[in-house]
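The values are calculated or read from the model by the stated rules, or taken from the named source; none is laboratory data. These numbers come from a predicted model, not from an experiment. So basically every Cβ, Gly included, is an ideal-geometry build from the backbone, and we count neighbours across all protein chains shown. Heads up: the accessible areas ignore ligands, DNA and RNA and are worked out on the full protein's heavy atoms, side chains in. Shrake-Rupley method; radii C 1.70, N 1.55, O 1.52, S 1.80 Å.
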Amino acid sequence: MKNGIISLLSLSVLIGLSGCNSDSDTIDYGKKATSYLVDIADEIEGIGAREASTPEEAAMGNWLYDKLTGFGYDVEVQPFTYQKGDKLLSSKNYIIEKQGASEKTIVLAAHYDSTGSDHGSLGATDNGAGVAAAVAIAENLMQESLPYTVRILFPGAEENGLNGSLHYVRQALDNNQLDNVIAMINYDTVGGGDYVYVHAAHSDYAEYQSTCDKLGLTETDYNSQTHVRDAMLQASIDVKGEDGKYTVHPAFPGYPEGETGSWSDHAGFACAGIPIAYVEATNFNINGQWGYDGYSQTTNPDAWDCYDAENKTACDRDTESKWGKIWHTELDRLDKLEELFPGRVDQQLSDNVNVVLRLLTSGNYIDEK
């Protein structure tokens, strides 16, 4: 939808001009995330689809490097290889750190690759939104005094096996770089879906065992504590009030209240004994293709062949083909998202930036367990 894209681009120009102001208090970093999302995911003005281990993913990595060094960070580039079928593929992680008053460290991660380009996806929500929010947070943190050290990780090649984050955790374990890490926040698909959720790792180790096995870790290493999730929830209340806070999903078969599986970059950290909070925008109220699992992001009828609102599922479960999905589909692009949900992604981006900035710049939330 041209009007939506034009408004986003106009906003990006205005925000870019405001960035010349040295007083960070006058800059809305939540809105800056919107301009970064255009740079990342817009088909014309941005990079667009960024499939793992492609030139487009490499271009995204270069954009990250240039942006982060421009803020004044020393950027660690961590190349890695991984096996996919009979192919040996390569990608890179990008890592920055802002020293705080304490050596205790909070890790924020947002993978920068995307998938579903064969279906028309440009990776706007998955995970352009997470990357844009994390970059805006990084920009703000350069102006802040922090109670804890903050490390921001941008993993590559997440979509085809969590390859970047697992490589990072392996290397960090070998080099004792996780010893001071007290919390990990995973930003994956933080905009687009009907509700923004925050999760802890699953209380059943079996849900993570296959990932932990890849790292040579066992159940004795695993951490499913909920206090980082709860800290994020409280920060969201303090920023947005009760009506605007993060959602903790209710219990449903296979997943107790507020717990999630091992399908994103938080998994390796939980295996390594670090409590996590995973933020995603979706809709757990929907009885989707595989049940109440959060893989249906919206009730919007344009994302369904036919949605049965009374029963919160497809009108015909045998013939439904869309299932309310945004991730990895033709709906995961800025023009379609603005058409279906005017203003939603902008608002969710802004809220997520402001919530995490509140948590990272205050010593009142994270309990050093």
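A few points about this structure:
- Single condition Ile95 does not satisfy, out of (1) in a strand (DSSP E or B); (2) open to solvent by 70 Å² or more (accessible area, probe 1.4 Å): (2)
For every residue, the table says whether it meets (1) charged (D, E, K, R); (2) farther than 20 Å from Ser264 by Cα.
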site	(1), (2)
Tyr65	no, yes
Glu76	yes, yes
Thr81	no, no
Val107	no, no
Ser117	no, no
Leu122	no, no
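- Among residues of segment 253-271 that are among the acidic types (Asp, Glu), those with a beta-carbon under 8 Å from a residue that is surrounded by fewer than 19 Cβ atoms within 10 Å (Cβ to Cβ) at least six positions away or on a different chain give the pairs Glu257/Val248; Glu257/Pro250; Glu257/Ala251; Glu259/Ser203; Glu259/Ser224.
- Going through (1) at positive phi; (2) part of a helix (DSSP H, G or I) one by one, Ser53 falls short only on (2).
- For segment 239-281, the set of residues classified as small (Gly, Ala, Ser), open to solvent by less than 20 Å² (accessible area, probe 1.4 Å) and not in a strand (DSSP E or B) consists of Gly258, Gly261, Ser264, Ala267, Gly268, Ala270, listed by residue number.
Residues checked against (1) outside any helix (DSSP H, G or I); (2) closer than 25 Å to Gln99 by Cα; (3) modelled with pLDDT of 95 or more:
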site	(1), (2), (3)
Asn176	yes, yes, yes
Met184	yes, yes, yes
Gly192	yes, no, yes
Thr218	yes, no, yes
Gln225	yes, no, yes
Val228	no, yes, yes
Gln234	no, yes, yes
Ile237	no, no, yes
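- Tabulated pairs, segment 325-351, first at positive phi and in contact (Cβ under 8 Å) with a residue 60 or more places away in the chain, second open to solvent by 20 Å² or more (accessible area, probe 1.4 Å) and assigned to a helix (DSSP H, G or I), C-beta under 7 angstrom, 6+ apart or interchain: His328/His119
- Meets criteria (within 28 Å of Leu337 (Cβ to Cβ) and either in contact with a helix residue (DSSP H, G or I) (Cβ under 9 Å, 6 or more places away or on another chain) or not aliphatic (A, V, I, L, M) (or both)) for Ala183: no
- Scanning segment 227-238 for residues that are open to solvent by 50 Å² or more (accessible area, probe 1.4 Å) and not charged (D, E, K, R) yields a single hit, Gln234.
- If you go through segment 325-369 and pick out every residue that is open to solvent by less than 40 Å² (accessible area, probe 1.4 Å), assigned to a helix (DSSP H, G or I) and in contact with an Asp or Glu (Cβ under 7 Å, 6 or more places away or on another chain), you end up with 2.
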